[in-house]
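The values are calculated or read from the model by the stated rules, or taken from the named source; none is laboratory data. In this text, all values refer to a predicted model and were calculated from it rather than measured experimentally. Reconstructed Cβ throughout: ideal geometry from the backbone, glycine too, with neighbour counts over all protein chains shown. What goes into the accessible areas is simple: the full protein's heavy atoms, side chains included, and nothing from ligands, DNA or RNA. Shrake-Rupley method; radii C 1.70, N 1.55, O 1.52, S 1.80 Å.
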Amino acid sequence: MSKEFEIVSEFEVDATPEQVWEAVTHGTGAYLWPMDPPEPRVGGAAAFGSTVTAWDPPHHLTVRSENVGFGAQSANQLEHVIEARDGGRRAWVRYVHSGIFTDDWDNQYDGAAKHTDFYLHTLREYLTHFAPRPVTFASAEGPEASATSEALAAVGAALGLSADDDRGARVTVRGPQEFDAVLDYRNPYFLGLRTGTALIRVFGRGRWGAPVGVSVHDFAPDADAEATGKAWQGWLNGVFSRP
């Protein structure tokens, strides 16, 4: 049965409204994945076949699609409202994700809400620690064996995280190579690691029937997307091939 949904988030961040606007229009690879920027006008084309329905830089952006391309959802709208704080040195952001889910509403809403929290946290991490540095984006997906609710715990253990490591902990991580990081996000569904040059995101999507995913938002000037993606792909395959 079709049913409308709405996910609302509000936050302040140590970034100017212009920096937030740049991130959500042209810099999505820094916290989501790379997307074509919206055409700068009402009625312009935006990513995934959506249309710009509000365009007032750097304060208001809305894009909407009536045909999102998969059966569980028939409409999708993303709205950003951005206001200056502290004389323009900080920004307040209101983000609203709304639309219509057509199947398995509770599960779809749960997944969308939890992913939204993680993506917006990553946006704040980017704006606070890396903006306006350019990004190189890489990603990898675990094998089908990682599509379980226990998979994220297995990834955490393989990375060398203990059960006591919580947000803010400084950790030594055993990924494709060993590196030091801050554990900037942790819950039963996602892990976030921040180094001096990158944001590494781990998605434990088994709850929603999907394999583990890793995305790397790399701000180093010599970053290599292909090499990074292959390294994490091999690492994930190794974790889930162990007896």
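Scanning region 94-104 for any residue that is assigned to a loop (DSSP other than H, G, I, E, B), open to solvent by less than 40 Å² (accessible area, probe 1.4 Å) and either modelled with pLDDT of 95 or more or not aromatic (Phe, Trp, Tyr) (or both) turns up at least one such residue. Residues in region 203-243 that are among the polar types (S, T, N, Q) and modelled with pLDDT of 95 or more were compared, and the one that is farthest from ALA181 (Cα to Cα) is ASN237.
Apart from one condition, LEU123 fits all of (1) of a type in the set (A, V, I, L, M); (2) more than 17 Å from ALA91 (Cβ to Cβ); (3) within 13 Å of the chain's Cα centre (by Cα); the exception is (2).
Of the strands (runs of 3 or more DSSP E) lying entirely inside region 158-243, those containing at least 3 residues that are open to solvent by 50 Å² or more (accessible area, probe 1.4 Å) span 170-174, 178-186.
I want to confirm something. Restricting to region 127-146 and keeping residues that are open to solvent by 50 Å² or more (accessible area, probe 1.4 Å) and not hydrophobic (A, V, I, L, M, F, W, C), which single residue is nearest to VAL212 (Cα to Cα)? Among those residues, the one meeting the criterion is GLU141. Contact map, region 15-32: first residue under 16 Å from PRO134 (Cβ atoms), second residue among the acidic types (Asp, Glu) and at pLDDT 95 or above, Cβ cut-off under 9 Å, separation 6 or more or different chains; pairs are TYR31/GLU125. Against the conditions (1) out of contact with any helix residue (DSSP H, G or I) (no Cβ under 8 Å at 6 or more places or on another chain); (2) more than 19 Å from ALA15 (Cβ to Cβ); (3) assigned to a helix (DSSP H, G or I), ASP110 satisfies every one except (1).
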